[in-house]
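Student: Just passing along the structure, written as structure tokens.
What follows draws every value from the coordinates through simple rules; no lab data is involved. Please read these numbers as outputs of a predicted model, since none were measured by experiment. Positions of Cβ are generated from backbone atoms using ideal geometry, with glycine treated the same way; all protein chains shown enter the neighbour counts.
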Amino acid sequence: MRWEGQRESSNVEDRRGAGGFGGLPIGGRGLSLGAVVIALVAGAVFGVNPLTVLSLLSGGSPSAVQQAPARSTPADDPQTRFVTTTLGLTEDVWRELFRQAGGSYRDPTLVLFRGATPTACGTGQSAMGPFYCPADQKVYIDLDFYDTLKSQLGAPGDFAQAYVIAHEVGHHVQNLLGTSEQVQRLRGRVSEREANAMSVRLELQADCYAGVWAHHADQGKQILESGDVEEALNAASRIGDDALQKGAGGPVRPDSFTHGSSEQRVRWFKRGLESGDVAACDTFKTAQL
């Protein structure tokens, strides 16, 4: 991915030097990345609080959470510059697309943290993976997740990392358009199975929006290099619900899916990438996902 030399976003909040907030240390006498993956899978697939799993794996009780030590990180290290640049690229694309549609795009804030951090949606944990909180319009990411993505989930590459950010920004777009609020209201009126199905449509739309972003970012600034698209498609495939359930050693249970199968996630990202059309991402009006 050709990202160096592009504009870096100023909408970044770096909390990594502020000390732990209910976090669990990784490595040493703490937990391995493998344990984090187990907790992530448990949370995504079985509805278990990842914090509870991490605490039990570390030999404590569910309420015994260890404080993570503060570690300073240079604000200009390559990985930080990469994510701030990627965020800037999403801002450029979505500002223009909203302008063309007669609207105004509000930039989200990207929060870098370690272990855990307070959010308007509750305490955010590294084990949850990157996430978006609509209540404060912020994307949260512990950059150690990228090590997990590469080493544990088998999805290396800088464009795989960019896809992760673009997907979360896709949730921000849904929030601005009112889609997230509509889905949240409906989820409270239906069965768990139906609520899961709505979540799948929401997640697949965010995948499609990530593809729309990639289409326009490359069209405007030629960011894509050979192999980049394959990196993103591989990442989408590796984090499909069926792939995670298989990786956890359990049966594949489609009724429990909340993000979509590997095939679906790949297909909807490709739809956005190939069309560049926000309207093509309406996962709520199609019978076949």
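Student: On the principal axes of its Cα set, how long, how wide and how thick is segment 155-260? Give whole Å, largest value first.
Tutor: 45, 37, 13 Å, listed from the longest principal axis down.
Student: Suppose we keep just the alpha-carbon trace of segment 168-226; what are its Rg and Dmax in angstrom?
Tutor: Taking only Cα atoms of segment 168-226, I get Rg and Dmax of 14.6, 46 Å.
Student: Go ahead and collect, in residue order, the members of segment 80-110 whose backbone nitrogen is under 19 Å from a label point 7 Å along the Cα-Cβ direction of Q184.
Tutor: Taking a point 7 Å out along Cα→Cβ of Q184, the residues of segment 80-110 whose backbone N falls under 19 Å are 106-110.
Student: Counting only Cα atoms, I'd like the Rg/Rh figure for segment 113-164, Kirkwood definition for Rh. Before the final figure, lay out each step's value.
Tutor: Details: Rg = 11.6 Å, Rh = 11.6 Å.
Result for segment 113-164 is an Rg/Rh of 1.00.
Student: Another question about this same structure. For segment 195-258, what is the charge dipole size about the Cα centre, in debye to the nearest 20, if Lys and Arg each add +1 at the Cβ and Asp and Glu each add -1 at the Cβ? Could the numbers behind the result be given before it?
Tutor: On the way: 5 positive and 10 negative charges, 44 e Å.
Around 220 debye, computed over segment 195-258.
Student: Take the Cα atoms of segment 112-205, build their convex hull, and give its volume per residue in Å³. Walk me through the numbers on the way to the answer.
Tutor: On the way: hull volume 10.3 nm³, N = 94.
Considering the Cα atoms of segment 112-205, their hull volume per residue is 110 Å³.
Student: Hey, can you grab everything whose amide H is under 5 Å from the amide H of G124? Only 5+ residues off in sequence or another chain; H modelled, so Pro and N-termini drop out.
Tutor: Under 5 Å from the amide H of G124: T117, T119.
Student: If you don't mind, another one. Bins of 5 Å, beginning at zero and ending with the bin holding the largest distance: percent of Cα pairs per bin for segment 86-243, please.
Tutor: 2, 9, 17, 20, 22, 17, 10, 3, 1, 0
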